[in-house]
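These notes are about the structure you will find just below.
The values are calculated or read from the model by the stated rules, or taken from the named source; none is laboratory data. Quick caveat, the model's predicted, so the values are computed rather than measured. Cβ atoms come from the backbone with ideal geometry, glycine included; neighbour counts cover every protein chain shown.
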Amino acid sequence: MPELIEKIVKKAPTDELMSDLDATVAYAKSSGKANTAKLAVTGFCWGGFVTWMYATHNPGLKAAVSYYGSDRWFKEMTSKSAIEIGAEVKCPVLALYGGQDQSIPAETIEKRQEACKAAGKKCEFKIYPDAKHGFLADYRPTYNADAAKDGWDRMLAWFKQNGVA
């Protein structure tokens, strides 16, 4: 897994990721089996980073939920700062973080939250004080049942509140 992350995942340009997601949406729409008028995205860790980026990219998104989207991906993958993107989101974003997660500083989360608010964006941030990175992954030692259940429930409510579910 570490080799996969280093050699492939970290090397994928953000523009390519956005293009891949756009192609996925186009395929879903053309299949006639998906209602892309209720388009949403969610992701975990690196996928949390991609979730934030897609929320700044696709104006057709109705909602996004990012689980522990690390700021390290922003530094390595895009010219946008992790803070700047808060002001650029095109849909409501729910961001869920572990208070014990060492991959994203609390200061960055606070600045991103301030950027969303200053730009009048609908963003909600929840930090679980006792949770670590990967708190939803029940196969990892960092799994936190209480945070996982609350986060999942919040995600479903967020999607419903924003017309996705």
Quiz item: When region 120-153 is examined, which residues are found to be under 21 Å from T56 (Cα atoms) and either touching a residue at least 12 places away in the same chain (Cβ under 8 Å) or in contact with a Leu (Cβ under 8 Å, 6 or more places away or on another chain) (or both)?
Solution: K121, K122, C123, E124, F125, K126
Practice problem: Just name the residue that is surrounded by the fewest Cβ atoms within 10 Å (Cβ to Cβ) out of those in region 27-48 that are among the small types (G, A, S) and outside any helix (DSSP H, G or I). | Solution: G32
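So, of the residues in region 120-165 that are assigned to a loop (DSSP other than H, G, I, E, B), among the aliphatic types (A, V, I, L, M) and modelled with pLDDT of 95 or more, which turns out to be nearest to the chain's Cα centre (by Cα)?
Of region 120-165, the ones assigned to a loop (DSSP other than H, G, I, E, B) are 120-122, 129-144, 162-165.
In the following step, the residues that additionally are among the aliphatic types (A, V, I, L, M) were identified as 131, 136-137, 164-165.
Then keep just the ones that are modelled with pLDDT of 95 or more; that gives 131, 136-137, 164.
On the way: A131: 17, L136: 14, A137: 15, V164: 16 Å.
Checking each candidate, the answer is L136.
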Self-check item: Qualifying position, being part of a helix (DSSP H, G or I) and either surrounded by fewer than 18 Cβ atoms within 10 Å (Cβ to Cβ) or touching a residue at least 60 places away in the same chain (Cβ under 8 Å) (or both), among T51, T24
Solution: T24
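So for region 98-111 (the condition being exposed (fewer than 15 other Cβ atoms within 10 Å of the Cβ), within 26 Å of A137 (Cα to Cα), in contact (Cβ under 8 Å) with a residue 40 or more places away in the chain and of a type in the set (D, E)), does at least one residue qualify?
Let us first name the residues in region 98-111 that are exposed (fewer than 15 other Cβ atoms within 10 Å of the Cβ), namely 99, 102, 105-107, 110.
Still in the running and within 26 Å of A137 (Cα to Cα): 99, 102, 105-107, 110.
Those left that are additionally in contact (Cβ under 8 Å) with a residue 40 or more places away in the chain: none.
Within region 98-111, none of the residues are exposed (fewer than 15 other Cβ atoms within 10 Å of the Cβ), within 26 Å of A137 (Cα to Cα), in contact (Cβ under 8 Å) with a residue 40 or more places away in the chain and of a type in the set (D, E).
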Quiz item: Which members of region 79-106 meet the condition of being under 14 Å from H57 (Cβ atoms) and acidic (D, E)?
Solution: E84, E88
Quiz item: Among G43, G69, which is at pLDDT below 85 and touching a strand residue (DSSP E or B) at 6+ places or on another chain (Cβ under 9 Å)?
Solution: G69
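Conditions tested, residue by residue: (1) within 21 Å of V164 (Cβ to Cβ); (2) surrounded by 22 or more Cβ atoms within 10 Å (Cβ to Cβ); (3) out of contact with any helix residue (DSSP H, G or I) (no Cβ under 8 Å at 6 or more places or on another chain).
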position	(1), (2), (3)
L61	yes, yes, no
Y67	yes, yes, no
E84	no, no, no
C116	yes, yes, no
G134	no, no, yes
